[in-house]
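Got a structure for you, written out below as structure tokens; questions coming shortly.
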Amino acid sequence: MLRNIAIVGAGGFGREIALLISQINAHKEVWKLVGFYDDHPDLQGKNYAGLPVLGTTDALNRVEKQLSVVIAVGSPQVKRKIFQKLLNPNLRFPTLIHPGAIFGGGTEFGIGNIICAGTILTVNNVLGDFVTINLGCTVGHDTRIGAFSSVMPGVCISGEVLIEEGVYIGTGANIINQVEIGEESIIGAGALVNKSSPGFCTLVGVPARIIRIFKPTY
């Protein structure tokens, strides 16, 4: 029997997740995509990308039957806030892995992960809850990626890297081996991170340098 699944976030990434679900089903039928949930008032009661917008995120707390939910949001902080709002015990948060992704032995996944097409995770990697790894990324051995982090397309992460919670890594960034990146950091697109950095900062450039330090969001 197919399992019902809904997407939180009626936006561009939400459409990509709908495509990911269809590609998983083409490999092995698992999911029945029932629609979107989104807090934008203009979307309520309408269709988006051929699927109904079923309500706001608050409506998910009133779902009476078991429902799988995928949070299709890029911002680590927004992902965390959405998850913290969803208290309904009927909700499940599956990890979605594109059938074309490659991962080796010892890989551990938390709940709510999204692993997109073309991604390669080698061996003994650990992903926390609600980690997104977008298209065409590589993650080397013994790397740990903290909960709610988002890795954008084309990122290369070498081995033995520690990425703490809530980190955003921009498109095409490169992180060399044995680097540690502190929580909620933002790595700019195309940056080359060649040394460890503290949390709550923005890094850009080649090599990457800190251009901003900010306060925690929680």
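Within the set of pairs 6 or more residues apart or between chains, which connect a residue that is farther than 17 Å from residue 20 by Cβ and among the hydroxyl-bearing types (Ser, Thr, Tyr) inside region 99-114 to a residue that is part of a loop (DSSP other than H, G, I, E, B) and open to solvent by 20 Å² or more (accessible area, probe 1.4 Å) with Cβ atoms less than 9 Å apart?
As it stands, the answer is 107/122; 107/123; 107/124, since those pairs meet every condition given.
Please enumerate the residues belonging to region 1-19 that are more than 22 Å from residue 46 (Cα to Cα) and touching a residue at least 40 places away in the same chain (Cβ under 8 Å).
Across region 1-19, the qualifying residue is only 3.
To keep it simple, each residue is scored yes or no on (1) touching a strand residue (DSSP E or B) at 6+ places or on another chain (Cβ under 7 Å); (2) of a type in the set (A, V, I, L, M); (3) closer than 17 Å to residue 113 by Cα.
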{"site": "7", "(1), (2), (3)": "yes, yes, yes"}
{"site": "11", "(1), (2), (3)": "no, no, no"}
{"site": "17", "(1), (2), (3)": "yes, yes, yes"}
{"site": "21", "(1), (2), (3)": "yes, yes, yes"}
{"site": "30", "(1), (2), (3)": "yes, yes, yes"}
{"site": "34", "(1), (2), (3)": "yes, yes, no"}
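Another question about this same structure. For region 115-147, which positions are of a type outside the set (Val, Ile, Thr), in a strand (DSSP E or B) and open to solvent by 10 Å² or more (accessible area, probe 1.4 Å)?
The answer is 144, and nothing else.
Could I ask something else about it? So which of 74, 104 ends up being surrounded by 15 or more Cβ atoms within 10 Å (Cβ to Cβ) and not acidic (Asp, Glu)?
Within the list 74, 104, the selection yields 74.
Here's another thing I want to ask about it. Regarding residue 45, is this residue open to solvent by 20 Å² or more (accessible area, probe 1.4 Å), closer than 22 Å to residue 133 by Cα and part of a loop (DSSP other than H, G, I, E, B)?
no
If I filter region 157-201 down to residues being touching a helix residue (DSSP H, G or I) at 6+ places or on another chain (Cβ under 8 Å) and open to solvent by less than 40 Å² (accessible area, probe 1.4 Å), which single residue comes out as nearest to residue 138 (Cα to Cα)?
Here the residue is 167.
The values are calculated or read from the model by the stated rules, or taken from the named source; none is laboratory data. Just so we're clear, the structure is a prediction, and the values are computed from it rather than from any experiment. FYI the Cβ positions are ideal-geometry reconstructions off the backbone, even for glycines, and counts take in every protein chain you see. Note: areas computed on protein heavy atoms with side chains; ligands, DNA, RNA excluded. Shrake-Rupley method; radii C 1.70, N 1.55, O 1.52, S 1.80 Å.
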